[in-house]
Amino acid sequence: MTDRRFRIVICRGPECGDRRGSAVLHEAFRSALEANKAREHAELAWQSCFGRCTQGPNVLVREIVTPEPGGFTGGGFATLPGPRGLTALYNRIDESRAGPLVVQHILGGQIVREFIERPAPTGIGVVDPVASRTKDTLK
Ligand code: FES
């Protein structure tokens, strides 16, 4: 049995929230923790948005790491530096995935890679080299 502790952070932002059932997902994680006798190893929390809305519902599972004495603790959980431990942002999580995440990540100490997607391309900062030329430069 693990002695690690985790925070399971479920997105309830505008896309992951009511539209994709984050409240049901929160309850599924609570049930999975109790069913697997893992309640003392994880706490549940909410997040407003992880910026990965098209791949939601998104769930961050972050190990709660006690920093070294005098070390930087980090102030946030998703964007600020600090001890990360065994941490992953999971995508397209539904009720059926809550149990496997509790068993494999929380109790087993393994990242569940099949529940992680690459960030979706945003198009921001991507420039089409032909379309971006002006009439003058195309002569
Ligand atoms: S609303 Fe969930 S990642 Fe943006």
**Item:** Of all residues in region 85-124 being surrounded by fewer than 11 Cβ atoms within 10 Å (Cβ to Cβ) and modelled with pLDDT under 95, the one that is nearest to the chain's Cα centre (by Cα)
**Value:** 118
**Prompt:** How many residues are of a type outside the set (A, V, I, L, M) and either more than 15 Å from the ligand (Cβ to nearest atom) or within 16 Å of residue 116 (Cβ to Cβ) (or both) if we restrict to region 12-41?
**Reply:** 11
**Asked** In region 45-59, which residue that is in a helix (DSSP H, G or I) and within 8 Å of the ligand (Cβ to nearest atom) is surrounded by the most Cβ atoms within 10 Å (Cβ to Cβ)?
**Response** 55
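Each row is one residue, and each column tells you yes or no for (1) within 16 Å of the ligand (Cβ to nearest atom); (2) in a helix (DSSP H, G or I); (3) at pLDDT 85 or above.
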| residue | (1), (2), (3) |
| --- | --- |
| 43 | no, no, yes |
| 61 | yes, no, yes |
| 69 | no, no, no |
| 81 | no, no, no |
| 126 | no, no, no |
**Request:** Report, by residue number, each residue of region 12-54 that is closer than 21 Å to residue 111 by Cβ, out of contact with any strand residue (DSSP E or B) (no Cβ under 9 Å at 6 or more places or on another chain) and among the polar types (S, T, N, Q).
**Result:** 36
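The values are calculated or read from the model by the stated rules, or taken from the named source; none is laboratory data. Remember, it's a predicted structure, so these values are computed and weren't measured experimentally. Cβ coordinates were reconstructed from backbone atoms using ideal geometry, including for glycine residues, and neighbour counts include every protein chain displayed.
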